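Here's the structure, in structure tokens; my notes come after.
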Amino acid sequence: MNTQSFEAYQAAVDVHGAGFSATLWGSVGTQSLRFHVLVEMIGGLAGCTLLDLGCGDGALERWLIDAGQMPASLVGLDAIGAQVDLACSHAADWSEYMQVDLLDEAIAWPITDWVIVSGTLNTMTDFEVGAVLEKAWSSSQVGLAFNLLSDRPGVEWDQRPLGPARRHDGLSWMAWALERTALVACRQDYLSGHDLTIVMKR
């Protein structure tokens, strides 16, 4: 993970402790909405094997349980040790969590049906986003789903601070997806265009 984003997340843990506040999400509600959009676009994750990149404190696992979308297995990777420890402390018997720098090219990721990347890319440079997504696509047997902060948000977001996060060129990442598969879906009709979700299927 790039130094700037790692320091931002680690500083949040130092101030707030492990948990939701250290994820730097705006609210639990918007985090849940993003998960809902991802899973709805995928068509459900029940019974699938799943890789959760930038898993934080394991929030996606809890959301899947509440939504009745339990996968066959889930592996979560995150660079912040305290967050991984918290995720491990309440992990289901079908999930496991590991501390991993997603930008460490030497570390192999498990091959799963679906790879999910929610929120993690927002603090990365374009080069780093590309590196993570390329490896994520290679690690997926069925598909890849990810979200970014859109560079074409609704007007209500124009003056809102983003903290360590940054907006990304949605059309460029849509084109990146289409270069790898024709089976691509895109949505940013939630959160007033603040967020962009792309789902790629093989």
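By DSSP, what percent of the beta bridges with both residues in the chain are antiparallel, rounded to the nearest 5?
Working: 12 of 32 bridges.
Restricted to the chain, the bridges split so that about 40 percent are antiparallel.
Scanning residues 5 or more positions from residue 113 or on other chains, those with amide H under 5 Å from its amide H are 49, 50, 141, with H placed 1.01 Å from N in the peptide plane. Decide, for region 76-117, between rounded, prolate and oblate: order the square roots of the alpha carbon gyration tensor eigenvalues as a ≥ b ≥ c, take rounded if a/c falls under 1.5, and otherwise choose prolate if a/b is larger than b/c, else oblate. Oblate. Think of it as helices only: each DSSP H run of n ≥ 4 in the chain is worth -39500 (n - 2.57), and spread over all residues that comes to -10500 deg cm²/dmol at 222 nm. Packing, taken as the mean count of other beta carbons within 10 Å per residue, orders the peptides 175-183, 144-152, 28-36, 132-140 from highest to lowest as 144-152, 132-140, 28-36, 175-183.
Mean separation of Cα pairs under 8 Å and 6 or more residues apart, divided by the residue count, gives the chain a relative contact order of 19 percent. Scaling the Cα radius of gyration of the chain by the globular reference 2.2 N^0.38 Å produces a ratio of 0.94. Residue-wise HN-Hα couplings along region 99-112, as the Karplus relation 6.51 cos²θ - 1.76 cosθ + 1.60 with θ = phi - 60° gives them from phi, are 7, 9, 7, 5, 9, 7, 5, 7, 8, 7, 9, x, 8, 9 Hz; Gly and Pro carry x. Measuring nothing but protein heavy atoms, the accessible surface of region 21-178 at 1.4 Å probe radius is 54 percent carbon and sulfur.
The values are calculated or read from the model by the stated rules, or taken from the named source; none is laboratory data. Remember, it's a predicted structure, so these values are computed and weren't measured experimentally. Cβ coordinates were reconstructed from backbone atoms using ideal geometry, including for glycine residues, and neighbour counts include every protein chain displayed. Quick note on the areas: whole protein, heavy atoms, side chains included, nothing else; ligands and nucleic acids left out. Shrake-Rupley method; radii C 1.70, N 1.55, O 1.52, S 1.80 Å.
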